[in-house]
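First up is the structure itself, then whatever we jot down about it.
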Amino acid sequence: MWGVPVVVLDSIPAGTAIVGDFSAVTVKDRGNYTITWTDRGTVTELVDDGAGGTTEQDIDLFSHNLIQVRAEGRYGIEISRPTALRKIDLTAE
């Protein structure tokens with residue numbers, strides 16, 4: 001929107017926007033994190049069925065040279081200047 005990045009979140013009610021200087025917002029690591037991966041198992045892929053629809057197809061990770069990755073961690077948000085952000089009611093007249 002006018003060259004400004006826009007992010008839509010389910011956690012912010014419709015008709016509400018948060019604007020501001022997001023350089024005042026920092027994501028902080030709150031502890032340990034883990035990253036795991038595997039080449040065992042299957043994933044389900046949607047493929048074209050040739051009739052204008054899709055069908056599910058299971059794909060074996062190992063035989064297709066694929067891996068699954070899971071990353072878990074605890075993070076927090078630090079706002080160094082709370083006045084840098086504003087909540088706007090887009091439904092107000």
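Throughout, read-outs are computed from the coordinates displayed, never taken from laboratory work. Just so you know, these numbers come straight off a predicted model, no measurement behind them. With ideal geometry, Cβ positions are generated from the backbone for all residues, glycine too; neighbour counts draw on all protein chains shown.
For the Cα trace of the stretch 16-89, dividing Rg by the Kirkwood Rh returns an Rg/Rh value of 1.26. Taking packing as the residue-averaged number of other Cβ atoms within 10 angstrom, the listed peptides 15-21, 2-8 run from highest to lowest as 15-21, 2-8.
LEU85 sits among other residues whose Cβ lies under 15 Å from its own Cβ, and their net charge, with Lys and Arg +1 and Asp and Glu -1, is 0.
Between ALA14 and TRP37, the contour length at 0.36 nm per residue exceeds the Cα-Cα span by 4.6 nm.
Spin-label model, VAL47 to VAL69: label points 7 Å out along the Cα-to-beta-carbon direction sit 2.6 nm apart.
Taking the stretch 18-93, which trypsin sites (Lys or Arg not before Pro) meet the DSSP loop condition and have no more than 13 other C-beta atoms within 10 Å? In loop regions of the stretch 18-93 (DSSP not H, G, I, E or B), the sparsely surrounded trypsin sites (Lys or Arg not before Pro) are ARG40. Across the chain, C-alpha contacts under 8 Å between residues 6 or more apart give a mean separation that, scaled by the residue count, equals a relative contact order of 43 percent. Rounded to the nearest Hz, the phi-derived 3J(HN,Hα) couplings of the stretch 70-77 under the Karplus curve 6.51 cos²θ - 1.76 cosθ + 1.60 (θ = phi - 60°) are 10, 10, 10, x, 10, 10, x, 10, where x marks glycine and proline.
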